[in-house]
Each structure stands twice: as C-alpha cells, then as structure tokens.
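Input: a single structure, listed below in structure tokens.
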Amino acid sequence: MKINKRLLDVETLNGAADAAVRSKMEKLSGGLWSCSECGHQDTVNAVYKHVEANHVEVVFYCNICHKPHKNRASLLTHKSRNHKQEKTQ
C-alpha cells in the first residue's frame, strides 16, 4: 500500500494543531470542561472553540486540497461544500 507523504504531513499538522488546543483544556466534573488559560467553563465543544479563537494560533489543512483554515469548524464547512464527492481518508 502506497502512502501519500503529503497526506501524512497534513494529518500530522492537523494532529499537532488539535493537540495544541486540547492542551489548554481541562475536564471537570458534571460534563463541564475548562480553559486552563482563563478558566472559561462550558461543554467540550464550546471550550474547544473558545481556546481555538482566543488562546492558540493554529491552522487546520484540508486532507484533499491542502487549503489552510483558521479553525476546525471552517475546515469541516469547506470539506462539506467543496469535497462532497471526493473520498475522504
């Protein structure tokens, strides 16, 4: 099986971006999460978006066309609008 090096690089970069965001998140009791930078508390998705927007500079790349995006939500929107027919890996 041939592995696409460029795809592997994109997955590595996206994984590092995700890890940077998650490194600033702490799980609390009762299903809440907290931002370790400022103490903001909410659901896991809300705190993830908060950290992405306010405390880290990350870039997420499309695994199909390699277009960069400032956040994970933008990447997912891009993929749903532009790559519906392509096989995602």
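Residues in segment 26-44 that are part of a loop (DSSP other than H, G, I, E, B) and farther than 21 Å from ARG72 by Cβ: LEU28, GLY39.
For segment 37-89, a residue qualifies if it is over 17 Å from ASN14 (Cβ atoms) and of a type in the set (Lys, Arg), and the qualifying residues are ARG81, LYS84, LYS87. For segment 38-70, enumerate the residues that are among the polar types (S, T, N, Q) and either buried (at least 18 other Cβ atoms within 10 Å of the Cβ) or at positive phi (or both). The answer is ASN63, and nothing else.
No value in this document is a laboratory result; all are computed from the given coordinates. All figures in this text were calculated on a predicted structure; none of them were measured in a lab. Because the Cβ atoms are built from the backbone with ideal geometry, glycine has one as well, and the counts that use them run over all protein chains shown.
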